[in-house]
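Written below as structure tokens is the structure these notes are about.
Laboratory data are not the source of any read-out in this text; all were calculated from the coordinates shown. All values reported here derive from a predicted model rather than from experimental measurement. Heads up, the Cβs are rebuilt from the backbone with ideal geometry, glycines too, and the neighbour counts pull from every protein chain shown.
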Amino acid sequence: MTRIRSPRRVLAALLALGLLAGACGDDDGGDASPTTEAADDGGSGEGDGDWRTLRVPTDYETIQAAVDAAEPGDLVLIEPGVYEEAVDVTTENLTIRGLDRNEVILDGGFELQNGIRVLADGVAIENMTARNYTTNGFFWTGVTGYRGSYLTAYRNGDYGVYAFDAVKGQLEHIYASGSPDAGIYIGQCYPCDAVIDDVLSEYNGLGYSGTNSGGNLLIVNSTFRYNRAGIVPNSGSYELCYPERETTIVGNVVYGNSQPDTPAISVALLGMGNGILLAGGNRNVVERNLVFDHERTGIGLVPFPEEEANDVVPPQEDWERPCAETRDDPLPERSEEELALVLWDPVGNVIRDNVVSGSGLADLALGSLQDDLASLGNCFGGNTFETTAPAQLEALAPCEGDPTATDWTTGALDLLELMAAERPPSIDYEEAPTPEPPAQPNMPDAETAPPRPATNVPFPVDLAAITVPERPEGT
Amino acid sequence: MRFRPGGNEVATTLPRRFGAGGRARSSEATRPPRRHARAAGVAALAATAALALGACGDDAEVAVELVEGVEVAVSAIDNTFRPETIEVAAGTEVVWTNDGRNDHNVLPVEGDDWGVEVDGFAPGDEYRHRFTEPGTYPYYCSLHGTTTKGMVGTVVVTG
């Protein structure tokens, strides 16, 4: 296969050979099809250097075959079609791209596990759809450097887009629907160094879930609607690196997350009817979001109750410990009594300058099963709202100055009643009435853009420039 | 069906892990009471026996003290083996418990004479294997890793 190093080298090769691409001997062997190998037209910018384009199915019958034949820096370019594959990627710094987001479809047929599973650093996936997988549409795990752009993931049995134990990431221009856990998930990382930007997540159990993640983790400029619950950072000892902390949630539109007919895991049932729910979330910043129309709370800070836990809440001085340092920790020695029920309280969160309305219980809420809510160190300020629980929440826990109220009991959430309430049961993800996604925007220049591996992510975000979003038309 | 690099495993036997009531999936495998009180290395020595065991890679025999009754715990949480690496004496029984909410398996990177598939390792289940020969035994969960990346672990058995 001709190795393309730069546009000038492409031109030189064309002149020398007098043809676009010769069907030369295939030194790469493997699964290359007998079709003419592609010569890339090169490109400029980040794709400069030593890279090839491997086309599917023109050069390789399957995506997996092309991925296996690719070398770091290469571009796997997938032509329109339905691919019944579960692809594993173990070569770093690949760019895997569909030519048309809506017509390059990976279909798991409710039998295959993951559309694309990435276990190599620096892999970018762009411009395609994954549906009907038993677990995840797109899945990165244990990697440094990942990017998902212009992806559609729907009707998958666990998550739509799933980044686990992965750092330095960018998830952008994504549509995710119909998963019982979360449409978008980033978990078990600290510091995560990741950005979620311009995603639409709907008809999932949770629009976003992030267990034990945080640290330079931004969720911005996105829409979470029609899920059981919208944005749900959460803590639990069933994953490493607990608790969740330091996620920044700015400039999102969050509405109508009381959807009763989605697939849903137990946490989604418990959290149903809330827009932004910090379920045992800590030291998060929730700012300048537009949140409306929720059965329970617009922005709620509540404990996450973990039954049969593996550990108790670690002391706060341990919260800044990077995940990587915890991997070989000895197993905690705890009594069964200690682990029977662990409550992960929300601690140290900042909720300010949001516009919240139309909540059944309270636009802003803070609850715990312990009496001293003030000691949790959460604050509320500058929000536009009508109701809070407890009443006068911004006076009880202001972000600036001293409290001007002291009554934490009036209008307080009855958490036990809420947790015990019957919720509409989960509907199997194969059977749920998840709408077929409308056509989603394609990435620019999919045919010609050079590969862009995930070696320079996340992209910078100007948080200060983000304003409260306008209310969408028709809502 | 074992995972092989290059493709995801076909999951024909994996119902979803959560129902409305939490851990919905049961298993025929023994589900022990919640552990952690019996953490790594806490079991008492019950008996010892000297066995002649073949050394890895050649025909030489070395005397290894088999320590009956010693067990070391590894927790399979979502989606990590904790601790990832353990060092044990030959004869130790390693006990993996699925303490997560996901399905997992425990598969040796080399060979197939130990390990447990998903169906025998649902949340709450445990799997035991006694390592009698010194050596390094890498393993992984094929649902959440490959032989070298993701949910992986290593048992180092010393003589």
>> Angle check, please: helix A:7-17 long axis (alpha carbons) against the longest principal axis of chain A (alpha carbons), in degrees 0 to 90, nearest 10.
In response: 20 degrees
>> Taking 0.36 nm per residue of sequence separation and subtracting the Cα-Cα distance, how much length would be gained by fully extending the chain between A:ALA405 and A:THR467, in nm to one decimal?
In response: 19.4 nm
>> If you average the alpha carbon positions of the stretch B:98-124 and of the stretch A:256-270, how far apart do those two centres end up, in angstrom?
In response: 30 Å
>> How would A:SER213, A:SER359 line up from fewest to most surrounding beta-carbon atoms within 10 angstrom?
In response: A:SER359, A:SER213
>> If you wrap a convex hull around the alpha carbons of the stretch A:145-202, what volume per residue comes out, as a whole number of Å³?
In response: 61 Å³
>> Based on alpha-carbon centroids, what's the gap between the stretch A:306-370 and the stretch A:171-203 in Å, whole number please?
In response: 20 Å
> Dividing the Cα convex hull volume of chain A by residue count, how many Å³ per residue is that?
Replying inline: 145 Å³
>> Can you compute the helix-only [θ] at 222 nm over chain A? Use -39500 (n - 2.57) per DSSP H run of at least 4 residues, normalise by all residues, nearest 500 deg cm²/dmol.
In response: -2000 deg cm²/dmol
> Placing +1 at every Lys and Arg Cβ and -1 at every Asp and Glu Cβ, with all other atoms neutral, what dipole size does the stretch A:311-427 have around its Cα centre, in debye to the nearest 20?
Replying inline: 460 debye
>> Quick check: Cα centre of the stretch A:391-436 to Cα centre of the stretch B:136-159, how many Å?
In response: 42 Å
>> Taking the Cα centre as origin and putting +1 on Lys and Arg beta-carbons and -1 on Asp and Glu beta-carbons, what dipole magnitude results for the stretch A:367-475, to the nearest 20 debye?
In response: 320 debye
> What FRET efficiency comes out for the pair A:VAL82/A:ASP198, r = Cβ-Cβ distance, R0 = 35 Å, nearest 0.05?
Replying inline: 0.85
>> Can you find, among A:SER335, A:VAL312, A:VAL350, the residue sitting farthest towards the positive end of the charge dipole of the stretch A:312-351, where Lys and Arg contribute +1 and Asp and Glu -1 at Cβ?
In response: A:VAL350
> Taking 0.36 nm per residue of separation and subtracting the Cα-Cα distance, what length does fully extending A:ASP261 through A:GLN316 add?
Replying inline: 15.9 nm
> If r is the Cβ-Cβ distance from A:THR144 to A:LEU415 and R0 is 51 Å, what FRET efficiency results, to the nearest 0.05?
Replying inline: 0.85
>> Placing +1 on the Cβ of each Lys and Arg and -1 on the Cβ of each Asp and Glu in chain A, which of A:ALA391, A:VAL267, A:GLY401 has its Cα farthest towards the positive end of the resulting dipole?
In response: A:GLY401
> Measuring from label point to label point, each 7 Å out along Cα→Cβ, what is the A:ALA395 to A:GLU431 span in nm?
Replying inline: 5.1 nm
> Roughly what percent of Cα-Cα pairs across the stretch A:203-291 reach past 23 Å?
Replying inline: 16 percent
> What FRET efficiency, computed as 1/(1 + (r/R0)^6) with R0 = 22 Å and r the Cβ-Cβ distance, is obtained for B:THR85 and A:ALA340, rounded to the nearest 0.05?
Replying inline: 0.15
